[in-house]
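Input: a single structure, listed below in structure tokens.
The values are calculated or read from the model by the stated rules, or taken from the named source; none is laboratory data. In this text the structure is predicted, and so the values were computed from the model without any measurement. Neighbour counts are summed over all protein chains in view; Cβ atoms, including those assigned to glycine, are modelled from backbone coordinates with ideal geometry. Just the protein is used for accessible areas: all its heavy atoms, side chains included, with ligands, DNA and RNA removed. Shrake-Rupley method; radii C 1.70, N 1.55, O 1.52, S 1.80 Å.
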Amino acid sequence: MAADKAASKYEDVFEDGEVPKEEKTVHRIRANSTIMHVNKILVANRGEIPIRIFRTAHELSLHTIAVFSYEDRLSMHRQKADEAYVIGKRGQYTPVGAYLAGDEIIKIAVEHGAQMIHPGYGFLSENADFARAVEKAGLIFIGPQPEVIEKLGDKVSARKLAIECGVPVVPGTEDAVGTFEEVKKFTDKYGFPVIIKAAFGGGGRGMRVVREEADLKEAFERATSEAKSAFGNGTVFVERFLDKPKHIEVQLLGDNQGNIVHLYERDCSVQRRHQKVVEIAPAKDLPAHVRNAILNDAVKLAKSVNYRNAGTAEFLVDQQNRYYFIEINPRIQVEHTITEEITGIDIVAAQIQIAAGATLEQLGLTQDRISTRGFAIQCRITTEDPAKNFQPDTGKIEVYRSAGGNGVRLDGGNGFAGAVITPYYDSMLVKVTCHGSTFEIARRKALRALIEFRIRGVKTNIGFLTTLLTHPTFQAGSCWTTFIDETPELFDLVGSQNRAQKLLAYLGDVAVNGSSIKGQVGEPKFKGDIVIPTLYDDDGNKIDTSVPCTKGWRQIILEEGPKAFAKAVRNYKGSLIMDTTWRDAHQSLLATRVRTIDILNIAKETSHALHNLYSLECWGGATFDVAMRFLYEDPWDRLRKMRKLVPNIPFQMLLRGANGVAYASLPDNAIDHFVDQAKKNGVDIFRVFDALNDIDQLEVGIRAVQKAGGVCEGTVCYSGDMLNPKKKYNLEYYMNLVDKLVALDIDVLGIKDMAGVLKPQAATILISSIRKKYPDLPIHVHTHDSAGTGVASMVACIMAGADVVDAATDSMSGMTSQPSINAIMACLDGTDKTPGLNPQHVRALDSYWSQLRLLYSPFEAHLTGPDPEVYEHEIPGGQLTNMMFQASQLGLGSQWAETKKAYEQANQLLGDIVKVTPTSKVVGDLAQFMVSNKLTPEDVKARASELDFPGSVLEFFEGMMGQPYGGFPEPLRTNALRGRRKLDKRPGLFLEPVDFAKVRKELTRKYGPVSECDVASYIMYPKVFEDYKKFVAKYGDLSVLPTKYFLSRPEIGEEFHVELEKGKVLILKLLAVGPLSENTGQREVFYEMNGEVRQVTVDDKKASVENVSRPKADPTDSSQVGAPMAGVLVELRVKDGSEVKKGDPLAVLSAMKMEMVISAPHNGVVSQLQVKEGDSVDGSDLICRIVKPDAK
């Protein structure tokens, strides 16, 4: 029957008559334009090719049938057909096996009245038995005759055919071979390199290039195994491998009367592992005489076998433009679309009509009427990750936005939002075909189209394709088959930022689980939009704050340098102020949680209102690591953005001497590198201090600043009450330290009163003494208003000769913060020491900060007033707020008064040290450790050799923070260290210099291209930086998200905007939070983004929380090891059965920023381990038992 149909005359198949009127259904509309008697076609394939065929079939008025596997039941090709039927029963076939079940597919076709079967490509398309069975069932097979498929499907037979026709071939085996010995015989004769190819199939499967004999056996076994798995036949053939050839293929069409035409050639040289990635038509740099010869030989080969329907003859062209026949593929190719674009011929339509009996002449497809116009490029977008060796990715497509426009054609399959990409099938999502009058126009269209795509939820190769299309070799059209493998720079990918979907993932998490920002209690009190103040000049005219002010003290630094700046400050007739609102004020009051976006929102207004500031303190210190650790922001990005908006006011940072901005000493070259980066990115003045006033430590930071060209403010840390004769830190001590700093050629002297214990009288004595001795030295004084005497002390400093004092905007001043800027200005009003600021402008700025403080209310320390106790406990202002948070986190909130007393005791235990980060942290950690474990000072001294002290305390005792004035307390130090090293010089002398090249290489390996700022961040805080990068990889850059939505979820239906960058704004609205899935513990969160509904899947952390009740360690049983305090086990160093000695580390416990090692109380074997890494534990929770050897 099939033979009869194949021989039908044109008149029997096509008609021109009118069709009587019937109901206007889709099928009837198509039928009204019918030109064929055949009316039903089944496509035995999946993905994009059935959809491509259905579209043409519908244009030819055909009724279409799709078949699908159970796993493909939600695929798009099923929906594009008029009818669709599952292949077999669920579980009857494997996902791929279903599409190879020829008998079942033919059965479906017959049952449902199909008259034709199109095999597409792959699967059964080159299976002669299937073609024969189709015809035997009385159906039309759209493709070559079965015997032709058989002949050409065997590459050895095709090779013999080429030799018979006089077409050049690459030297190879005469027949298919199935044993290693036969392959070895060929290589012994022809040498290497060779290529092993599956004899019965293509697509790169069963193909291996072998360059050395040592790899031959393994390659043969892999190729035969792949071939057998993919095509059911493991035989292969072997031929010489050509280096850097081009892969040229010719599109052929043949009818049932022996007529053959070519549709010109395609350049398919851009391949990976022998699979085509990008194709071009026509070939760009093929000489005309070679092109003509290839085209003629392709037609000659097809005619020699009486080829019917569409097929492709494939050739290799070497560097000398010699060409060699490879094979003929007896089917339509993936890349047929580019030939259609340059010829204007619908190849699928020709296939169907030829199968139905039409001749090429009847279709108008004679060779003289076929020509090309312009160029076309096809790119295959796949769900593969180029960064992981093109590993296929699976999952749910969350967002799918495709390209379009002039000259862009898309042939897609399962590319749509909500589609689930399974591991069962080819990873191709869509073919992008672009046509232009020239190759360059086509290339640019393809590039533009690729960039237009937005595919989220699965990895794609789009970044790789864009890199490929912009490579000079591709632009020249001179690629070869191994170009991708031999061009590593193609993998320097420009990845998609995926900003919007990552942002939604964070917003979804907040909607389900609430904010996860450490230290947050409740939601912001302020729910509205913060009003930006308007500034007016003295005449009442509005000041234009749309652009930053350029007038300010920074110009002197930029134009004349640090020394000239210092001289100008000293010569200034009034006093100057440094505003701490952007750093220390919010560190002291709001746990350092103010975000970049809220500083930038008031930045330009600040540049105008406070243009006469000495400086803005805005960077360094705790803000550096907190930005990454808790706010998930890049501190360097903050610095650069602030600098851009405030170009006129000097920026000051806090530099912890030889520590940089870390909590322990680092190699000297790390400090030099960090300071250099800070200067380059916008810091002008470096306030260099050391937590112990160790001059050797100070010198490291001072020298680094001087090398970088910054203003060096060498700083004395003021500790305790100088008026108290019992304190060792007296006037003589401070004057000696000032002498040493002056000897280091500092530009400005800083006095850092971090606890706010500098009383007005002490201030007068200290500052007047320095001024008398050093009349030309600029003096800058910093304090905290903890005791309520800050304003009086700062005014006393000014009157005694200080040039600069610190203050904060009114709403962010007082208590543990700095004194009020307006209060200081009021006190100086009427004197010759006014700071040159407009009080109205200062108050206008404060209106912004008063609103903002309410926005950050979840981080308030809830201090109710001054704390005169500070003269006793001496807790620095910034630390006091943080300690309250830590105490709450550790379950010590109700014991705050006890903690403050313990701080005083801990300070005395450590030798009455200078307390500023990081030494203040040492005192604080020890104090909380004492309260948590109910230890008195006497207990600490008596049990020092057995207590697991916090890590910071042990580092202090080791000397890692420098040498304290008066020495270390003994025997406490020795007992606590238990044999650990004791440094008697600055730690940097014992540290190996940082290998920057090694660090860069490692960071690049982990994260791709990194900046010098990234390197600096990593060196300061390796773990914090790594955690920050992980967070950003998951949620993106959240610094652009308004704080209200960073800390709390919006109301249902509330619309808000997020500006990703200038001119790119997301309009968002929370629509719904779905129900909890009992199976997964997840919820779907639905947002509207720019009018498009998007959903994200979020783990409901409340649903998955298990209440784990751990046994407590018995303090009377020395074998039981308990957690010294509540925290998270970040590292476990033992397992059950581990042998340990007394003092060996068992685990590392982290509580907020404090880490401590849990050590073995005695020799023995670990047993009954109760925990694993990542577990949260409470104080005294049993960690494990250490069984003594004699107890086993």
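The set of residues in the range 1159-1186 being assigned to a strand (DSSP E or B) and modelled with pLDDT of 90 or more consists of 1164, 1165, 1166, 1167, 1182, 1183, 1184, 1185, 1186.
Scanning the range 71-90 for residues that are open to solvent by 70 Å² or more (accessible area, probe 1.4 Å) and under 39 Å from the mean Cα position of the chain (by Cα) yields 73, 74, 78, 79, 80.
In the range 1080-1095, the residues that are on the phi > 0 side of the Ramachandran plot form Cβ pairs under 8 Å with partners that are of a type in the set (Asp, Glu), at six or more places apart or across chains, as follows: 1081/1099; 1081/1100.
The residues of the range 733-767 that are modelled with pLDDT of 95 or more and open to solvent by 50 Å² or more (accessible area, probe 1.4 Å), listed by number, are 736, 740, 743, 745, 761, 764, 765. Examine the range 117-137 for a residue that is modelled with pLDDT under 90, hydrophobic (A, V, I, L, M, F, W, C) and touching an Asp or Glu at 6+ places or on another chain (Cβ under 6 Å), and state whether such a residue exists. No: zero hits. Kindly check whether there is at least one residue in the range 169-180 that is outside the structural domain of residue 355 (by the TED database), part of a loop (DSSP other than H, G, I, E, B) and within 20 Å of residue 253 (Cβ to Cβ). Looking through the range 169-180, none of the residues is outside the structural domain of residue 355 (by the TED database), part of a loop (DSSP other than H, G, I, E, B) and within 20 Å of residue 253 (Cβ to Cβ).
Rundown of residues vs (1) modelled with pLDDT under 90; (2) buried (at least 19 other Cβ atoms within 10 Å of the Cβ); (3) of a type in the set (Phe, Trp, Tyr), yes/no style:
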position	(1), (2), (3)
1045	no, yes, yes
1051	no, no, no
1058	no, yes, no
1061	yes, no, no
1067	no, no, no
1070	no, yes, no
1079	yes, no, no
1087	no, yes, yes
1095	yes, yes, no
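In the range 383-406, what residues are open to solvent by less than 50 Å² (accessible area, probe 1.4 Å) and of a type in the set (Asp, Glu)?
Of the range 383-406, the ones open to solvent by less than 50 Å² (accessible area, probe 1.4 Å) are 383-386, 390, 393, 395, 397, 399-400, 403-404.
If the condition is that a residue be open to solvent by less than 50 Å² (accessible area, probe 1.4 Å) and of a type in the set (Asp, Glu), then 384, 385, 393 are the ones that fit.
For residue 454, the criteria (1) crowded, with 19+ Cβ neighbours inside 10 Å; (2) in the same structural domain as residue 247 (by the TED database); (3) farther than 30 Å from residue 319 by Cα hold in every case but one, which is (1). Only one entry in 634, 690 is touching a residue at least 12 places away in the same chain (Cβ under 8 Å), of a type outside the set (A, V, I, L, M, F, W, C) and in contact with a strand residue (DSSP E or B) (Cβ under 8 Å, 6 or more places away or on another chain), namely 690.
Scanning the range 335-382 for residues that are open to solvent by less than 20 Å² (accessible area, probe 1.4 Å) and either assigned to a strand (DSSP E or B) or closer than 30 Å to residue 176 by Cα (or both) yields a total of 8. Of all the numbered requirements in (1) part of a loop (DSSP other than H, G, I, E, B); (2) open to solvent by less than 10 Å² (accessible area, probe 1.4 Å), residue 642 misses one, and that requirement is (1).
Among the helices (runs of 4 or more DSSP H) confined to the range 427-480, the ones with at least 2 residues that are over 18 Å from residue 409 (Cβ atoms) are located at 462-469, 472-475.
Taking the criterion of being open to solvent by 20 Å² or more (accessible area, probe 1.4 Å), within 18 Å of residue 839 (Cα to Cα) and among the β-branched types (Val, Ile, Thr), the residues of the range 778-817 that qualify are 791, 795.
Annotation note: Cβ proximity below 6 Å between a residue of the range 733-756 that is under 17 Å from residue 692 (Cβ atoms) and a residue that is of a type in the set (D, E, K, R) and part of a loop (DSSP other than H, G, I, E, B) (sequence gap 6+ or interchain) occurs for 755/874.
If the condition is being open to solvent by 20 Å² or more (accessible area, probe 1.4 Å) and of a type outside the set (Ser, Thr, Tyr), then the range 416-434 contributes 416, 417, 418, 420, 421, 423, 426, 428. Taken over the range 705-732, the residue count meeting the criterion of being without any contact (Cβ under 8 Å) to a residue 40 or more places away in the chain and part of a helix (DSSP H, G or I) is 5. If you take the residues of the range 818-876 that are charged (D, E, K, R) and under 42 Å from the mean Cα position of the chain (by Cα), which of them is surrounded by the fewest Cβ atoms within 10 Å (Cβ to Cβ)? Ranking the qualifying residues of the range 818-876, first place goes to 843. Close contacts from the range 982-1003, counting a first residue that is farther than 17 Å from residue 662 by Cα and in the same structural domain as residue 972 (by the TED database) and a second that is in a helix (DSSP H, G or I) and open to solvent by less than 70 Å² (accessible area, probe 1.4 Å), with Cβ to Cβ under 7 Å and a gap of 6+ residues or different chains, come to 982/958; 983/958. Based on what the data block shows, is residue 409 charged (D, E, K, R), open to solvent by 20 Å² or more (accessible area, probe 1.4 Å) and without any contact (Cβ under 8 Å) to a residue 60 or more places away in the chain? In short, no. Among the residues of the range 599-631, those that are within 22 Å of residue 543 (Cβ to Cβ), in a helix (DSSP H, G or I) and open to solvent by 10 Å² or more (accessible area, probe 1.4 Å) comprise 600, 604, 605, 608.
Residue pairs whose Cβ atoms lie under 9 Å apart, sitting 6 or more positions apart in sequence or on different chains, and linking a residue in the range 204-231 that is in a helix (DSSP H, G or I) to a partner that is open to solvent by less than 20 Å² (accessible area, probe 1.4 Å) and among the polar types (S, T, N, Q), are 213/187; 216/187.
Restricting the range 442-451 to residues that are of a type in the set (A, V, I, L, M, F, W, C) and over 18 Å from residue 340 (Cβ atoms), the residue that is surrounded by the fewest Cβ atoms within 10 Å (Cβ to Cβ) is 451.
Each residue in the range 650-662 was checked for being buried (at least 24 other Cβ atoms within 10 Å of the Cβ), under 29 Å from the mean Cα position of the chain (by Cα) and in a loop (DSSP other than H, G, I, E, B), and 2 of them qualify. If the condition is being over 19 Å from residue 436 (Cβ atoms), open to solvent by less than 10 Å² (accessible area, probe 1.4 Å) and part of a loop (DSSP other than H, G, I, E, B), then the range 260-316 contributes only 307. Scanning the range 1109-1138 for residues that are touching a residue at least 60 places away in the same chain (Cβ under 8 Å), crowded, with 17+ Cβ neighbours inside 10 Å and assigned to a loop (DSSP other than H, G, I, E, B) yields 1110, 1113, 1119, 1123, 1124, 1125, 1126. Restricted to helices (runs of 4 or more DSSP H) entirely inside the range 482-578, those with at least 1 residues that are farther than 30 Å from residue 1092 by Cβ and open to solvent by 20 Å² or more (accessible area, probe 1.4 Å) are 554-560, 562-571. Report, ordered by the first and then the second residue, all pairs with beta carbons closer than 6 Å, sequence separation of six or more or different chains, a first member in the range 445-466 that is hydrophobic (A, V, I, L, M, F, W, C), and a second member that is part of a helix (DSSP H, G or I) and at pLDDT below 90. From the range 445-466, the pairs are 464/386.
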